[in-house]
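Visitor: Take a look at this one; I'll ask things after.
The values are calculated or read from the model by the stated rules, or taken from the named source; none is laboratory data. Owing to the predicted nature of the structure, the values given are computational and were not obtained by experimental measurement. So basically every Cβ, Gly included, is an ideal-geometry build from the backbone, and we count neighbours across all protein chains shown. The protein model used for the area step is the full one, side chains on, heavy atoms only, and it has no ligands, DNA or RNA in it. Shrake-Rupley method; radii C 1.70, N 1.55, O 1.52, S 1.80 Å.
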Amino acid sequence: PSPAATGPAPGPPDGGWGWVVVFGAFISIGFAYAFPKGIAIFFKEIQGFFGTSYSEIAWVSSIMLATTYGAGPISSILVNRYGSRPVVIFGGLLCGIGMVSAAFCTSILQLYICVGFITGFGLALNLQPSVIIIGKYFLKRRPIANGLAMAGSPVMLCTLAPLNQFLFDNFGWRGSFLILGAILLNCCVAGALFRPIGAAKASVKTQSVEEGKEVLKIEVTKDAMEMNSSTNVPVESKTEEEEAKDCCEKVNKYLDFSLFKHRGFLIYLIGNVLMFLGFFAPIVFLAPYAKHIGIDEYSAAFLLSILAIVDMIARPATGIIANSKWVRPRIQYFFSFSIAFNGTCHLLCPLASGYTGLVVYSVFFGLAFGMVCAMLFETLMDLVGATRFTSAVGLVTIAECCTILLGPPIGGTLIDTFGDYKYMFIKCGAVMVLAGTFLFIMNYYNYRMLAKEEKRKAKEEDPKSVRTENEGRNNWNKETVQDGPELEPLTEEQEGLKKDVNGT
């Protein structure tokens, strides 16, 4: 069809059905982030059932989190190919299948596969599409929409922590896994709300265009076969090279590897990879730590609820602050401060000896955790833009999965080695303070370099016309000076005529 028939691409509506999409993202993101933390309620009992150590049982959450992040590129490719709606629905089905099958596991290795890989992959198919579709529906109000959607994690954590303890007391961990598998099927309902923008008209037009392209391809291949049969020229080597190029172009279409030349993206990637080494371990071990110092099970689970309630308030509030005219131009500094503040809370956690101290720690930890999560994807979109955001999310998540995978087991190893939880909290706090400091310094350097590049561009664009005009005038004057001796006879004749006229 002609460009007039297709019309311009629809822009972000910044409202309308977008708020329903935010609600769907609220559910899917909430399960993706909260479920690996909420399942830690069962770890102490599963550890006693299978007779495993702290580090071995911590692999369940770490494998789930690493799969959720490591499958980011696969999720991004599927979203680019099929859209967010079918990907999230399929992810919800995988989550349900993984948890139901985990209820029949007879070894810790089977739990790694069912809970870690299958459920983790399903959560990955919930996380990335939900974040990507918000960027398509919102532009001006994007920080607020991201903050509201990311608030699903604390709300789900606040609900899942006491619910898991209730399910365990009444049905055991096997029966609880069956019920949780059915609850995770609600992600399919959330995915059904992700309506594509302008899908009805675009689908008919793209089908007609694709049909026309297929007819043209068939005709071209027939002509090529006829030419090859008549001339007997070998074309096999050319087709193989073209196929290799087509594969590279397709991969680069779904994942933009040129982002590794982007200075801001590399700074963000290095800082986040370092941060995730100590980001999730304190949440995974908070309830077991409370039980270790003699606090009852429901009070230990309530610490996660306190953390989630504060987190639930902190995320939308952070989104509103980040959207203000004072913070949004320098949102990377705010993100760096949030990471360093999070690490400081972990460094001070060993000072909390009783239940009151752990409640205070949970309040500050929930505030810092909500600040980081609310800006986690907003800062990435601020650096690379909405068009390259899908590829950036996939590349970032696959790089982060290594430290996410190692974080909780390293913390469990420290607990097994020293018999005390404080070394785990100190390790996580030191790593996050280091990551926040690195991001603050490098973002300051990045902002300065961007300002210099803008000034350089302005100098190159503005004085160009003035310089060319001056150079042209100088060249014209030089040419007239050089041609002066050739024009001397004409000037003498003119002076003679002037004298004759004056004489007459």
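Visitor: Sum up the charges of everything whose Cβ sits under 14 Å from the Cβ of Y444, counting Lys and Arg as +1 and Asp and Glu as -1, but leave Y444 out.
Guide: +4
Visitor: If the only charges are +1 at each Lys and Arg Cβ and -1 at each Asp and Glu Cβ, what is the size of the charge dipole of segment 255-462 around the Cα centre, to the nearest 20 debye?
Guide: The dipole of segment 255-462 has a size of about 660 debye.
Visitor: Run the numbers for Y447 and Y333: contour at 0.36 nm per residue of separation, minus the present Cα-Cα distance, in nm.
Guide: Computed gain between Y447 and Y333 is 40.0 nm.
Visitor: Where does the charge balance sit around P350 when Lys and Arg score +1, Asp and Glu -1, over other residues with C-beta under 13 Å from its C-beta?
Guide: Here the charged neighbours net out to +1.
Visitor: Now for a different question. Sorted by packing (mean other beta-carbon atoms within 10 Å per residue), highest first, where do 364-372, 451-459, 400-408 land?
Guide: 364-372, 400-408, 451-459
Visitor: Of K44/K422; K37/K427; K325/K459; K261/K455; K261/K325; K140/K452, which pairs sit farther than 25 Å apart, going by alpha carbon to alpha carbon?
Guide: Too far apart for the 25 Å limit: K325/K459; K261/K325; K140/K452.
Visitor: Magnitude of the Cβ-charge dipole of segment 12-197, K/R +1 and D/E -1, about the Cα centre, nearest 20 debye?
Guide: Taking the Cα centre of segment 12-197 as origin, the dipole is about 620 debye.
Visitor: If you plug each phi of segment 74-79 into the Karplus form 6.51 cos²θ - 1.76 cosθ + 1.60 with θ = phi - 60°, what whole-Hz ³J(HN,Hα) values come out, in order, with x for Gly and Pro?
Guide: Whole-Hz 3J(HN,Hα) from phi for segment 74-79: 4, 5, 5, 5, 5, 5.
Visitor: Rank-order 318-326, 84-92 by packing density, defined as the average count of other C-beta atoms within 10 Å over each peptide's residues, highest first.
Guide: 84-92, 318-326
Visitor: Can I ask one more? Give the Debye-formula value of log10 I(q)/I(0) at each listed q (0.20, 0.22, 0.23, 0.25 Å⁻¹), with one equal scatterer per alpha carbon of segment 69-155, two decimals each.
Guide: Results for segment 69-155 at q = 0.20, 0.22, 0.23, 0.25 Å⁻¹ read -0.93, -1.03, -1.07, -1.15.
Visitor: Keeping all protein chains in position, work out how much accessible area F43 exposes to a 1.4 Å probe, and write it in Å² to the nearest 10.
Guide: Its heavy atoms expose roughly 10 Å² to the probe.
Visitor: Right, next: Taking the mean number of other Cβ atoms within 10 Å as a proxy for protection, how do you rank 67-76, 262-271 from highest to lowest?
Guide: 67-76, 262-271
Visitor: Further question: With just the Cα atoms defining each centre, how far is segment 168-200 from segment 13-91? Give it in Å.
Guide: Cα centroid to Cα centroid, the span is 11 Å.
Visitor: I would also like to ask the following. Can you work out ³J(HN,Hα) from phi for every residue in segment 452-460, in order, using Karplus 6.51 cos²θ - 1.76 cosθ + 1.60 and θ = phi - 60°, giving whole Hz and x for Gly and Pro?
Guide: Computed from phi, the couplings for segment 452-460 are 5, 5, 5, 5, 5, 5, 5, 5, 6 Hz.
Visitor: Tell me, what ³J(HN,Hα) does each residue in segment 358-370 have, in order and in whole Hz, if you take phi through Karplus 6.51 cos²θ - 1.76 cosθ + 1.60 with θ = phi - 60° and put x for Gly and Pro?
Guide: My calculation for segment 358-370 gives 5, 5, 4, 4, 5, 5, 5, 5, x, 5, 5, 5, x Hz in order.
Visitor: Just the ratio, please: alpha-carbon radius of gyration of segment 255-462 over 2.2 N^0.38 Å, N its number of residues.
Guide: Scaled against compact globular proteins, the figure is 1.13.
Visitor: Report Rg(Cα)/(2.2 N^0.38 Å) for segment 353-414, keeping two decimals.
Guide: So the Cα radius of gyration is 1.54 times the expected 2.2 N^0.38 Å.
Visitor: Go through L94, L304, L434 and list them by solvent-accessible area, largest first, probe radius 1.4 Å.
Guide: L434, L94, L304
Visitor: Can you work out the accessible area per residue across segment 255-462, with the rest of the protein chains kept in place, probe 1.4 Å, in square angstrom?
Guide: About 41 Å² of surface per residue is accessible.
Visitor: A further question on this structure: Hull surface divided by four, with the convex hull built on the Cα atoms of segment 12-197: how many nm²?
Guide: 9.7 nm²
Visitor: A follow-up question, please. What percent does the relative contact order of segment 12-197 come to when contacts are Cα pairs within less than 8 Å and at least six residues apart?
Guide: 43 percent
Visitor: What translational diffusion coefficient, to the nearest whole µm²/s, does segment 247-362 have by Stokes-Einstein, given a Kirkwood radius computed over alpha-carbon pairs, a temperature of 10 °C and 1.306 mPa s viscosity?
Guide: 92 µm²/s
Visitor: While we're here: If each residue of separation counts as 0.36 nm, what is the full-extension length gain between A317 and S353 once their alpha-carbon separation is subtracted?
Guide: 9.9 nm
Visitor: A further question follows. Extension gain E461-A430, at 0.36 nm per residue separation less the Cα-Cα distance, in nm?
Guide: So the chain would gain 6.5 nm between E461 and A430.
Visitor: I've got another one for you. For L139, what residues show an amide H to amide H distance below 5 Å, using hydrogens built from the backbone and excluding near sequence neighbours?
Guide: Under 5 Å from the amide H of L139: D14.
Visitor: What net charge is computed for the residues neighbouring I293, neighbours being all others with C-beta under 12 Å from the C-beta of I293, Lys and Arg scored +1, Asp and Glu -1?
Guide: Result for the local shell: 0.
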